[in-house]
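Undergrad: Take this structure first; my questions come after.
The values are calculated or read from the model by the stated rules, or taken from the named source; none is laboratory data. These figures come from a predicted structure and were not determined experimentally. Backbone-built Cβ (ideal geometry, glycine too); neighbour counts: all protein chains shown. Ligands, DNA and RNA are stripped out before the accessible areas are found, and what is left, the full protein with its side chains, is counted by its heavy atoms. Shrake-Rupley method; radii C 1.70, N 1.55, O 1.52, S 1.80 Å.
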Amino acid sequence: MSLISKPFDDSGVEMVDEIAQYGTAISKRLEQFRSKRQLRHDAPGGYSGIVIAASICSAMGNIIERSNQEPFRDGYARAAQTFFFEHVSPDAPSIAATVEDCRSSPELLKAINALLADDQILPADGSVSLQTVMMALVWSALTFAMESLPPEQARSYVQQQILNGDRESARH
């Protein structure tokens with residue numbers, strides 16, 4: 001857990017590379033899911049970045065609750081402030097997110113859980129620590145949240161979603 005609890009040093013470089021690798025793989029797979037879903041006529045609007053981010057955070061909340069990771073929830077939430085991506089678009093996101101947009105999707109949550117069980121994404125042999133997986137999910141949630149919100153708002157949104165766990169989506 002050194003990546004979360006202390007500043008980066010050379011010992012964390014390998015872990016950061018793993019987080020980026022798995023976070024990118026998760027994001028690519030979710031992008032494929034979104035592309036397929038948006039091609040269907042029964043899906044008006046498809047999934048915005050904020051809906052995907054909310055669903056990733058909801059999946060994280062479920063994992064935290066089931067896996068005795070509650071003591072690390074604050075650390076995972078703080079991690080949302082530590083990943084820095086070059087902003088691809090010089091402009092603010094073109095579509096502002098609404099409260100309705102910020103709810104996780106049960107269908108997407110199922111897809112995320114299936115993705116996490118896919119050994120082509122995450123090896124099933126236990127060679128990837130749960131903490132690395134969780135950090136990769138933070139990475140992925142941030143990349144999608146930044147599609148719908150300016151970077152600092154996206155960071156705060158992901159951070160709050162992780163801190164709140166699945167309590168918000170349980171109310172809806």
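Undergrad: Sort out which residues of the stretch 14-36 are among the acidic types (D, E) and either closer than 18 Å to K110 by Cβ or within 12 Å of the chain's Cα centre (by Cα) (or both), and write them in order of number.
TA: Within the stretch 14-36, E31 is the sole residue that qualifies.
Undergrad: Would you pick out the residues in the stretch 130-152 that are open to solvent by 50 Å² or more (accessible area, probe 1.4 Å) and farther than 20 Å from I50 by Cβ?
TA: Across the stretch 130-152, the qualifying residue is only L130.
Undergrad: Is it the case that some residue within the stretch 50-64 is open to solvent by 30 Å² or more (accessible area, probe 1.4 Å) and modelled with pLDDT of 90 or more?
TA: Taking every residue of the stretch 50-64 in turn, at least one turns out to be open to solvent by 30 Å² or more (accessible area, probe 1.4 Å) and modelled with pLDDT of 90 or more.
Undergrad: Here's a follow-up. Counting residues that are modelled with pLDDT of 90 or more, which helices (runs of 4 or more DSSP H) fully inside the stretch 72-172 reach at least 3?
TA: Here the list reads 73-79, 106-116, 130-148, 151-164.
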